[in-house]
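Each remark here refers to the structure printed beneath this line.
No lab work stands behind these numbers, since they all come straight from the coordinates. These numbers were taken from a predicted model, which means no experiment stands behind them. With ideal geometry, Cβ positions are generated from the backbone for all residues, glycine too; neighbour counts draw on all protein chains shown.
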Amino acid sequence: MAKKKLVRYEEIHNFPNVIFTQIVDAQTRSVDRKWSEHTFEKDQETVVEIGCGRGEYCIDLARRNPHKNYVGIDLKSDRLFIGAQKAMEEGLTNVMFVRIRVEYLVPFLEEQSLSEAWITFPDPYNRKESGRKRLTAGSFLDVYKKIVKPGALLHLKTDDPTLYEFSLESLAERGAKILFHTDDLYSATKELGDATAVQTTYEKRYIKEGRRIKYIRFTLS
Ligand SMILES: C[S@@+](CC[C@H](N)C(=O)[O-])C[C@H]1O[C@@H](n2cnc3c(N)ncnc32)[C@H](O)[C@@H]1O
């Protein structure tokens, strides 16, 4: 591991706004920590960002919506480090981070505990055999269905046309209710709230390059 990554890997264990999980049993997909170990300053609804990377999206959501709590999850601790440090510098108490794979969320989180979910610019994994790794593949949708409350809104944003089409098919296969979708988010006339109001560095770059942002709003039950 590069030195900077190694330092971050060590330091993140001491961050008060990060839960760092380790796998206990790969078969049962259980980890050594529990979500219930953490309490937010305010007891209010909790929203998850799946694959949050450096946490830019959920930090901005947390700034805009102090009446909600946010949890960003990602498997890469060096990326989470940047988000968690920023949140601490800003004194944001309604956002925290968990280092965990999506695959392990079900035993970690209480079922039906989250009120909304954002899947922001997931890796497209466009090699044929990698489709199952896409964060909108059926097995991941099954995880989200368990952790969100019935009727909770889920949002997907992507710049990747293949991932967008794949996600529409995958959602249809799982019987999801697609409430709105567009292959050109910023041309849509509908008021889309945080979907258009929040942009990460990467999203701004994609827009500058002329790439169209795609968006799907859906429920899983
Ligand atoms: C392309 S990045 C996008 C990061 C961020 N959402 C953004 O818009 O800047 C995708 C992120 O998903 C994370 N990821 C991919 N597969 C994952 C999995 N199975 N469990 C948890 N995180 C995952 C990666 O580590 C990466 O940080």
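Considering helices alone, the calculated mean residue ellipticity of the chain at 222 nm is -9000 deg cm²/dmol, with DSSP H runs of length four and up weighted by -39500 (n - 2.57) and normalised per residue. Across the cross-link table entries K76/K204; K157/K190; K146/K177, which are compared at the Cα atoms, the separations over 18 Å belong to K76/K204.
Using Cβ contacts closer than 10 Å as the measure, can you line up S167, S113 from fewest to most?
Numbers: S167 26, S113 16.
So the residues, fewest neighbours to most, are S113, S167.
Specify the angular offset, from 0 to 90 degrees and rounded to the nearest 10, of the alpha carbon long axis of helix 77-90 from the longest principal axis of the alpha carbons in the chain. Helix 77-90 and the main axis of the chain meet at about 80 degrees.
Dipole orientation for segment 3-219: of the candidates G175, V7, V143, V7 has the Cα lying most toward the positive pole (charges on Cβ; Lys, Arg +1; Asp, Glu -1). Listed from fewest to most Cβ neighbours within 10 Å, the set E165, E191 follows the order E191, E165. Ordering E37, E173, E203, E45 by the number of other Cβ atoms within 10 Å of each residue's own Cβ, fewest first, gives E37, E173, E45, E203.
Can you give the % of DSSP beta bridges in the chain that are antiparallel, to the nearest 5?
Numbers: 12 of 35 bridges.
Here the antiparallel bridges make up roughly 35 percent for the chain.
Note: the chain, Cα convex hull, 138 Å³ per residue.
Would you work out if segment 76-117 is rounded, prolate or oblate? Take a ≥ b ≥ c from the square roots of the eigenvalues of the alpha-carbon gyration tensor; rounded if a/c is under 1.5, else prolate when a/b is larger than b/c, oblate otherwise.
Numbers: a/c = 3.32, a/b = 1.53, b/c = 2.17.
Cα axes put segment 76-117 in the oblate bin.
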